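Student: One structure, as structure tokens, below. Some questions next.
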């Protein structure tokens with residue numbers, strides 16, 4: 001007996017889904033965490049005391065401390081005061097708050113944001129292609145004449161409409 005295309009799609013869909021459970025969980029968790037990346041929701045805050053070169057301007061301080069968009073709020077004598085801490089232009093003494101994600105969440109987020117500079121960028125490509133396969137193969141999960149398939153088409157159309165509204169409104 002000859003097997004249908006749907007038969008093979010269902011098998012690949014099933015086992016690829018099982019295979020990718022771990023990475024899907026990583027992307028789901030890191031995706032949710034990345035929504036809060038502009039605030040301190042998941043970050044661990046620690047005070048750091050260091051010495052920087054003397055007479056730095058605000059962009060050089062930000063670059064040295066790896067603080068994006070650092071802005072000096074006020075100056076008191078030799079002391080530059082910014083949101084995260086202080087820098088003394090005469091002594092170089094700097095005290096600031098460092099905000100970091102917990103180790104495992106940081107690793108998840110770096111995987112999620114991998115670029116071609118990362119040695120594992122191929123994983124993101126494979127995962128993206130796998131997700132596209134899930135999209136396509138889901139239409140072979142049920143026979144077209146069944147009520148489940150017909151209801152699935154309505155949900156598909158509603159999901160596409162919602163996506164278009166989110167993208168363009």
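Student: In whole percent, what relative contact order does the chain give with Cα contacts below 8 Å and a gap of six or more residues?
Tutor: Values: 146 pairs, mean separation 42.2, N = 169.
Relative contact order, the chain: 25 percent.
Student: I'd like the distance between the alpha-carbon centres of region 35-70 and region 137-169, rounded to an integer number of Å.
Tutor: 46 Å
Student: Given the options 17, 85, 159, state which has the largest fluctuation in a GNM of the chain using a 10 Å cut-off (strictly under) for Cα springs.
Tutor: Sorting by GNM fluctuation, first place goes to 159.
Student: If you average the sequence gap of Cα pairs under 8 Å that are 6 or more apart and divide by the length of region 67-113, what percent do you get for the contact order?
Tutor: Numbers: 43 pairs, mean separation 9.1, N = 47.
Relative contact order, region 67-113: 19 percent.
Student: Right, another one. What do you get for the angle between helix 103-112 and the principal long axis of the chain? Use alpha-carbon atoms, 0 to 90 degrees, nearest ten.
Tutor: 60 degrees
Student: Now for a different question. How far is helix 121-137 tilted off the main Cα axis of the chain, in degrees rounded to 10, range 0 to 90?
Tutor: So the helix axis and the longest Cα principal axis differ by about 30 degrees.
Student: Just rank 10, 69, 37, fewest to most, by other beta-carbon atoms within 10 angstrom.
Tutor: Details: 10 16, 69 6, 37 13.
Ordered by Cβ neighbours within 10 Å, fewest first: 69, 37, 10.
Student: If you line up the long axis of helix 5-19 against the longest principal axis of the chain, both from Cα atoms, how many degrees apart are they, to the nearest 10?
Tutor: For helix 5-19, the angle is close to 30 degrees.
Student: Over region 38-89, what is the relative contact order in whole percent, taking alpha-carbon pairs under 8 Å and six or more residues apart? Before the final figure, lay out each step's value.
Tutor: Numbers: 41 pairs, mean separation 11.7, N = 52.
RCO, region 38-89: 22 percent.
Throughout, read-outs are computed from the coordinates displayed, never taken from laboratory work. For clarity, every value in this text was computed on a predicted model and none was experimentally measured. Quick reminder, even Gly has a Cβ in these numbers, built from the backbone with ideal geometry, and neighbours come from all protein chains shown.
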